[in-house]
Each structure stands twice: as structure tokens, then as C-alpha cells.
Amino acid sequence: MDFSKARKEIEAGRLERAREIVASKLSGAKFSEQGTSLLGDILLQLGELSEAGRYLLFVDRKSEQVEAACQAFLKQHGASATQLVSKLPSSAIVADGEIFNTETLKRRLMEAGIDYTQFEEAVAARADNKSGVGKENKNKEENTLLAWIVRFFQLFS
């Protein structure tokens, strides 16, 4: 992904605009460590420590600011593994439950005292939901509706 427009906005001091550009590029896209890192850095500059941590959890970079942001995020959202997983960027967890930068994330979670096994279980549950487990009821409803439509046309043709 090309983040040159966002970098120009940062250089011009327009951090909110840079944030919009990066967030837009990351929305619905595959995980990008470069974009995730850049968004986390912008959020740090904007003073949004916890929100920056949401993205910097996956970045393999150590600094006091990055670690403080990650800890702020985990403190705010790490009460349960399910809550934590629900607050992570959706691109960081792919449909089969794979987590990007697993070792970095695992280290940070363990340092914060979060049970990584419970976290993995919550990730697997989220992946199941994203991949379509539970779509049976929706398909059944769609088939029922389709049957009613077919029946309607049979009656009036």
C-alpha cells in the first residue's frame, strides 16, 4: 500500500487528515504492518494513547511510547479475551483464525498478564463468526422466502 499522501499530510502538520487517509486505506484491506504502524504513530502524535495501542500491539518495535500505548489499550480492553479480540483491527485476524505478528502480540499480552490460551480461543470464535459458522439459519430463512415467492408466482400464473 502507498501511504505517500498520508506522509505529506503529516509533514504539513495535518494529522487528522493523515489519520483519515491511513484508516481509509486499511479499512477492508489485508493486514499491513506498515499501515498499522503508521496509524499507531499518528494516533500517538494526536495524544490518543489507548487507540494507538490498538494498532501498535502488532508492531514489532520497542519504545517507551509504543509500550505505554499498548499497555493503555490492554488495560482498557483486556478485562476478558472476548472483549479484547472484539476491539482488535479486523484485518489483524484472518478468517481461519491466523493472527498477524503472533510473537509480538503474544509477548505483549503475556507481559500484561493476559492468558494467551483464552485469547486464542476468543480469536478462533471470532474467526468462526467471520467465516460463516452460523449462516445456516440465514440460508434457511432465504430458502423459505424463495419458496414463498415461487409459490406466489405459481398461484398467479
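The values are calculated or read from the model by the stated rules, or taken from the named source; none is laboratory data. Remember, it's a predicted structure, so these values are computed and weren't measured experimentally. Positions of Cβ are generated from backbone atoms using ideal geometry, with glycine treated the same way; all protein chains shown enter the neighbour counts.
Return a yes/no flag: does the stretch 13-33 have any residue that is in contact with a Leu (Cβ under 6 Å, 6 or more places away or on another chain) and over 29 Å from Q118 (Cα atoms). Explain how you work it out, then say what you get.
As a first pass, look at the stretch 13-33 and keep what is in contact with a Leu (Cβ under 6 Å, 6 or more places away or on another chain): 15, 22.
Restricting the remaining residues to those that are over 29 Å from Q118 (Cα atoms) gives 15, 22.
Yes, the stretch 13-33 contains at least one residue that is in contact with a Leu (Cβ under 6 Å, 6 or more places away or on another chain) and over 29 Å from Q118 (Cα atoms).
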Margin query: What pairs come out if I take residues in the stretch 1-23 that are surrounded by fewer than 14 Cβ atoms within 10 Å (Cβ to Cβ) and part of a helix (DSSP H, G or I) and pair them with residues that are modelled with pLDDT of 95 or more and hydrophobic (A, V, I, L, M, F, W, C) whose C-beta lies under 7 Å away, six or more apart or interchain?
Written below: K5/I21
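Taking G53 as the residue in question, decide whether it is outside any helix (DSSP H, G or I) and at pLDDT 95 or above.
Numbers: outside any helix (DSSP H, G or I): no; at pLDDT 95 or above: yes.
The answer is no for G53.
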Next item on the list: Among what's in the stretch 35-49 and is closer than 18 Å to L88 by Cβ and polar (S, T, N, Q), pick the residue that is surrounded by the fewest Cβ atoms within 10 Å (Cβ to Cβ).
Entry: S37
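Kindly establish whether G53 is crowded, with 21+ Cβ neighbours inside 10 Å and either touching a strand residue (DSSP E or B) at 6+ places or on another chain (Cβ under 6 Å) or of a type outside the set (A, V, I, L, M, F, W, C) (or both).
Working: crowded, with 21+ Cβ neighbours inside 10 Å: yes; either touching a strand residue (DSSP E or B) at 6+ places or on another chain (Cβ under 6 Å) or of a type outside the set (A, V, I, L, M, F, W, C) (or both): yes.
So G53 fits the description; yes.
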Note to self: What pairs come out if I take residues in the stretch 56-79 that are under 14 Å from R107 (Cα atoms) and pair them with residues that are of a type in the set (S, T, Y) whose C-beta lies under 6 Å away, six or more apart or interchain?
What the structure shows: F58/T36; V59/S37; D60/T104
Next item on the list: For the stretch 64-96, name all the residues that are crowded, with 17+ Cβ neighbours inside 10 Å, assigned to a helix (DSSP H, G or I) and β-branched (V, I, T).
Entry: V66, V85
